[in-house]
Amino acid sequence: MSVARPKGAFYVFPKVDLNGTGWRNDYQFITELLKETGVLVVHGSGFDSNYGSSHFRSVFLPDESMLNQAFDAIESFMKAHD
């Protein structure tokens, strides 16, 4: 997973390397993430089918403790599917 540092926005748009994973696309990735962790993000291809493919969008408006829980859950999810 990689992400560019946001410049004034309140969201991030990480790219997930889907090669070698069981996920066919970003939509399947975010669906399984939600089912397994309860963390809701938006599939990137919903914003743009070319640029957004293999990405997801997450806002960071919630308080810091909630964000830490969500990003810890995403990290655990990624490790479990490595």
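So here's what we get for this one:
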{"read-out": "Output for the stretch 40-69, where each listed residue is among the aliphatic types (A, V, I, L, M) and touching a helix residue (DSSP H, G or I) at 6+ places or on another chain (Cβ under 8 Å)", "value": "Leu40, Val41, Val42"}
{"read-out": "Filtered residues of the stretch 45-82 (kept if under 13 Å from the mean Cα position of the chain (by Cα) and within 20 Å of Lys7 (Cα to Cα))", "value": "Gly52, His55, Phe56, Arg57, Ser58, Val59, Phe60, Leu67, Phe71"}
{"read-out": "Of all residues in the stretch 22-39 being modelled with pLDDT under 95 and surrounded by fewer than 13 Cβ atoms within 10 Å (Cβ to Cβ), the one that is farthest from Ala80 (Cα to Cα)", "value": "Arg24"}
{"read-out": "Residue in the stretch 1-10 that is among the aliphatic types (A, V, I, L, M), within 12 Å of the chain's Cα centre (by Cα) and at pLDDT 90 or above present", "value": "no"}
{"read-out": "Number of positions in the stretch 10-42 that are in a loop (DSSP other than H, G, I, E, B), out of contact with any Asp or Glu (no Cβ under 8 Å at 6 or more places or on another chain) and without any contact (Cβ under 8 Å) to a residue 60 or more places away in the chain", "value": "13"}
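The values are calculated or read from the model by the stated rules, or taken from the named source; none is laboratory data. Small disclaimer: the values here were computed from a predicted structure and weren't measured. Note that each Cβ is placed from the backbone with ideal geometry, even for glycine, and that neighbours are counted across all protein chains shown.
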